[in-house]
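Engineer: Dropping a structure here in structure tokens format, bear with me for questions.
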Amino acid sequence: MKNGFDNEKYLKIQSEHIKERIAKFGDKLYLEFGGKLFDDYHASRVLPGFHPDSKLKMLMQLADYAEIVIVISAVDIEKNKIRGDLGITYDKDVLRLRDEFQKRGLMVGSVVITHYTGQQSAKAFRDKLKKLKIKAYYHYTIPGYPSNVPLIVSDEGFGKNDYIETSRPLVVITAPGPGSGKMATCLSQLYHENKRGIKAGYAKFETFPIWNLPLKHPVNIAYEAATADLNDVNMIDPWHLEAYGKTTVNYNRDIEIYPVLDAIFKGIYGKNPYKSPTDMGVNMAGLCIYDDDACREASNQEIIRRYYTALNQLVEGDGTEDEVDKIELLMQQAKITTDDRKVTIAAKERAAKSGLQCAAIELDDGTIITSETSPLLGTSAALLLNATKHLAGLDHNLKLIPKEMIEPIQNMKVSYLSGNNPRLHTDEVLVALAMLSNTDENCKKALEQLPKLNGCQVHSTVMLSEVDRKIFKKLGVNVTCEPVSKEKKSLIG
């Protein structure tokens, strides 16, 4: 993938801009951090050159200024809400996040349990935090939030919440996922700080949509595709346009909540330091794009990938037709189709000729490699072998793993593990390749090519098994699949 984003520039100017925002308010800045602080793979896909841990590295440059407060909703604790990408509950993720931040030298000051109404599970979690010597606070549900401003900005509203003790000028408010109450936590602290005579400010750090890119720029459209299940919509910020006569992009939730925030700021300070939702943001990512065409192409590919993901989820019963329809509309706005993904065309063409399940991968230099299922190997397993052979300069007809080694594995899968599919999956092929690499120079050469698959594109004419999906993810490969079950024809359309 051709790079188009200057990551070093981003780290430099983003940290400088946050320092400027701290100075603007005087004593303290509460920074609501949207999205993922690390492992931000969406950003790295649509802004090639952006490192998945860029935001974390940026914060590490501010380590002497910053402390982190992790927010979790009592409602999510009660429901045992799970992070889909990690498969762990939000309360466990709070502890994981704390450990990850501290390993990198960042101070984690405390944990705030929001939306608290006496839930026993939330009490138990707070007790657990105290045993671990982690400061924990309750923030309560406020009737009529966020509309009932007189109640919110009073001793019975924000004033009822625990005051979070902080010691650094930059307080980063983050959470395991959306809906945790990050913004309300920031505003509650502003109320308490103001009562104590401390000058504190609020800012918001959302990477997307990028405010100084056009509304229909593929980078911003890709964000809408990524949040199609949340019904987020990118919009021109009308408050910014009215105040400054300049067109900027924000998203519907921030624009809709701005009048309420305006009233809350005025209730706390007597005036609002911001004239628009865009004013509240501190994101400098748009200033670090140096190859717009590269970012446009990367974002178009992401939109197509999101479309295929939505189709697959619909087939599996985890998605909705509304989500599919929305991304189809976004593809029309971006003026792209699935045929703009080269591996899609290549995989379909081979499947049309062979009548078998097929897959294709686009390597870093643009080379397209294809594969098909066989009695010995699944499509994805065959694709990995074909791709690594090509990268190692080995003959395509060379059999890296001998048939007499594959057949005992197949027998074990069927006879002893009650499996229905004897073909080897990607993980089984890689284990076999690793074992053979000790004595076979060709296998060793092929195995050494795996890092070169990072960032490559793959398309399969059937939906992949969970194990194959996980292996491709670990290799950093971006995969799409036709919404077709391995056992059946297409289940939609």
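The values are calculated or read from the model by the stated rules, or taken from the named source; none is laboratory data. From a predicted model like this one, the values you see are computed outputs, not experimental measurements. Positions of Cβ are backbone-derived with ideal geometry, glycine not excepted, and every protein chain shown enters the neighbour counts. Note: accessible area is taken over every heavy atom of the protein model, side chains too, but ligands, DNA and RNA are not part of it. Shrake-Rupley method; radii C 1.70, N 1.55, O 1.52, S 1.80 Å.
Engineer: Across the stretch 118-130, what is the total count of residues that are more than 17 Å from Arg98 (Cα to Cα) and not in a loop (DSSP other than H, G, I, E, B)? Steps first, please.
Structural biologist: If we filter the stretch 118-130 for residues that are more than 17 Å from Arg98 (Cα to Cα), which is where we start, we get 118-124.
From the residues that got through so far, the ones that are not in a loop (DSSP other than H, G, I, E, B) too are 120-124.
So the count comes out to 5.
Engineer: Looking at this structure, is Ser154 more than 30 Å from Asp53 (Cβ to Cβ) and either at pLDDT 90 or above or in a loop (DSSP other than H, G, I, E, B) (or both)? First the steps, then the outcome.
Structural biologist: Values: more than 30 Å from Asp53 (Cβ to Cβ): yes; either at pLDDT 90 or above or in a loop (DSSP other than H, G, I, E, B) (or both): yes.
So Ser154 fits the description; yes.
Engineer: Tell me, please, whether a residue that is closer than 26 Å to Ala285 by Cα and of a type in the set (Lys, Arg) can be found in the stretch 69-81. It would help to see each step written out before you state the result.
Structural biologist: First, the residues of the stretch 69-81 that are closer than 26 Å to Ala285 by Cα: 69-71.
The next check asks that each one be of a type in the set (Lys, Arg); those that pass are none.
No, because not a single residue in the stretch 69-81 is closer than 26 Å to Ala285 by Cα and of a type in the set (Lys, Arg).
Engineer: What tally of residues in the stretch 23-60 results from selecting those that are within 30 Å of Gly197 (Cβ to Cβ) and open to solvent by 50 Å² or more (accessible area, probe 1.4 Å)?
Structural biologist: 3
Engineer: Considering only residues that are of a type in the set (A, V, I, L, M, F, W, C) and outside any strand (DSSP E or B), which ones fall in the stretch 337-363?
Structural biologist: Val343, Ile345, Ala346, Ala347, Ala351, Ala352, Leu356, Leu363
Engineer: Answer yes or no as to whether Asp279 is closer than 20 Å to Leu187 by Cβ and free of Cβ contacts under 8 Å to residues at least 60 places away in the same chain.
Structural biologist: yes
Engineer: For the stretch 401-411, does any single residue satisfy the condition of being within 21 Å of Lys452 (Cα to Cα), open to solvent by 40 Å² or more (accessible area, probe 1.4 Å) and modelled with pLDDT of 90 or more? Full working, then the answer.
Structural biologist: Filtering the stretch 401-411 down to residues within 21 Å of Lys452 (Cα to Cα) leaves 401.
Among the residues that remain, those that are also open to solvent by 40 Å² or more (accessible area, probe 1.4 Å) are: none.
Scanning the stretch 401-411 turns up no residue that is within 21 Å of Lys452 (Cα to Cα), open to solvent by 40 Å² or more (accessible area, probe 1.4 Å) and modelled with pLDDT of 90 or more.
Engineer: So which residues in the stretch 131-150 are under 31 Å from the mean Cα position of the chain (by Cα) and not in a strand (DSSP E or B), if there are any at all?
Structural biologist: Listed by number, the residues that qualify are Leu132, Lys133, Ile134, Lys135, Thr141, Ile142, Tyr145, Pro146, Ser147.
A quick yes/no check of all residues on (1) open to solvent by 20 Å² or more (accessible area, probe 1.4 Å); (2) over 28 Å from Gly49 (Cα atoms); (3) not small (Gly, Ala, Ser):
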| residue | (1), (2), (3) |
| --- | --- |
| Pro273 | yes, yes, yes |
| Leu287 | yes, no, yes |
| Thr344 | no, no, yes |
| Lys353 | yes, yes, yes |
| Ala359 | no, no, no |
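Engineer: Out of all the residues in the stretch 9-21, which are surrounded by fewer than 20 Cβ atoms within 10 Å (Cβ to Cβ) and over 30 Å from Asn300 (Cβ atoms)?
Structural biologist: Correct list: Ser15, Glu16, Lys19, Glu20, Arg21.
Engineer: Of everything in the stretch 187-207, what is open to solvent by 20 Å² or more (accessible area, probe 1.4 Å) and touching a residue at least 40 places away in the same chain (Cβ under 8 Å)? Give them in sequence order.
Structural biologist: Tyr191, Asn194, Ile198, Lys199, Glu206
Engineer: Filter the stretch 8-32 for residues that are within 27 Å of Ser180 (Cα to Cα), in a helix (DSSP H, G or I) and touching a Leu at 6+ places or on another chain (Cβ under 7 Å) and give the result.
Structural biologist: Listed by number, the residues that qualify are Ser15, Ile18, Arg21, Ile22.
Engineer: Please list, ordered by residue number, the helices (runs of 4 or more DSSP H) wholly in the stretch 410-493 having 1 or more residues that are on the phi < 0 side of the Ramachandran plot and among the polar types (S, T, N, Q).
Structural biologist: Numbers: elements: 426-436, 441-447, 466-474.
Where helices (runs of 4 or more DSSP H) fall fully within the stretch 410-493 and carry at least 1 residues being on the phi < 0 side of the Ramachandran plot and among the polar types (S, T, N, Q), they are 426-436, 441-447.
Engineer: Read through the list (1) closer than 24 Å to Glu165 by Cβ; (2) modelled with pLDDT of 95 or more, then give the number of the only condition that Ile142 fails.
Structural biologist: Result: Ile142 fails condition (2) only.
Engineer: Can I ask one more? Look at the stretch 77-88 and say how many of its residues are modelled with pLDDT under 95 and crowded, with 17+ Cβ neighbours inside 10 Å.
Structural biologist: 1
Engineer: Next question. Restricting attention to the stretch 114-136, does a residue exist that is in contact with a His (Cβ under 6 Å, 6 or more places away or on another chain), within 16 Å of Ser180 (Cβ to Cβ) and buried (at least 20 other Cβ atoms within 10 Å of the Cβ)?
Structural biologist: Yes, because at least one residue in the stretch 114-136 is in contact with a His (Cβ under 6 Å, 6 or more places away or on another chain), within 16 Å of Ser180 (Cβ to Cβ) and buried (at least 20 other Cβ atoms within 10 Å of the Cβ).
Engineer: Okay, next question. Kindly evaluate Ile68 against the criterion of being more than 21 Å from the chain's Cα centre (by Cα) and outside any loop (DSSP other than H, G, I, E, B).
Structural biologist: Details: more than 21 Å from the chain's Cα centre (by Cα): no; outside any loop (DSSP other than H, G, I, E, B): yes.
So Ile68 does not fit the description; no.
Engineer: Here is a further query. Which residue, of Asn194, Asn234, Asn252, Asn161, is modelled with pLDDT of 95 or more and in contact with a strand residue (DSSP E or B) (Cβ under 8 Å, 6 or more places away or on another chain)?
Structural biologist: Asn161
Engineer: List pairs: first in the stretch 312-339 and over 23 Å from Val462 (Cβ atoms), second open to solvent by 50 Å² or more (accessible area, probe 1.4 Å), Cβ under 6 Å, 6+ apart or cross-chain?
Structural biologist: So the pair list comes out as Gln333/Lys216.
Engineer: Report, ordered by the first and then the second residue, all pairs with beta carbons closer than 7 Å, sequence separation of six or more or different chains, a first member in the stretch 216-245 that is closer than 19 Å to Glu256 by Cα, and a second member that is outside any helix (DSSP H, G or I) and charged (D, E, K, R).
Structural biologist: Pairs that qualify, where the first residue is closer than 19 Å to Glu256 by Cα and the partner is outside any helix (DSSP H, G or I) and charged (D, E, K, R), are Glu224/Asp232; Trp239/Lys275; His240/Lys246; Ala243/Lys275.
Engineer: Suppose we keep only residues that are assigned to a loop (DSSP other than H, G, I, E, B) and open to solvent by 10 Å² or more (accessible area, probe 1.4 Å) within the stretch 215-231. Which one would you say is modelled with the lowest pLDDT?
Structural biologist: Among those residues, the one meeting the criterion is Asn231.
Engineer: I've got another one for you. Could you tell me which numbered condition Glu404 fails, if it satisfies all but one of (1) more than 28 Å from the chain's Cα centre (by Cα); (2) assigned to a loop (DSSP other than H, G, I, E, B)?
Structural biologist: Here Glu404 clears every test but (2).
Engineer: State which residue pairs qualify: first residue among the hydrophobic types (A, V, I, L, M, F, W, C) and inside the stretch 421-438, second residue open to solvent by 30 Å² or more (accessible area, probe 1.4 Å) in any location, beta carbons under 7 Å apart, and separation of 6 or more residues or different chains.
Structural biologist: Leu424/Leu376; Leu424/Ile409; Ala432/Met405; Leu433/Leu447; Ala434/Leu447
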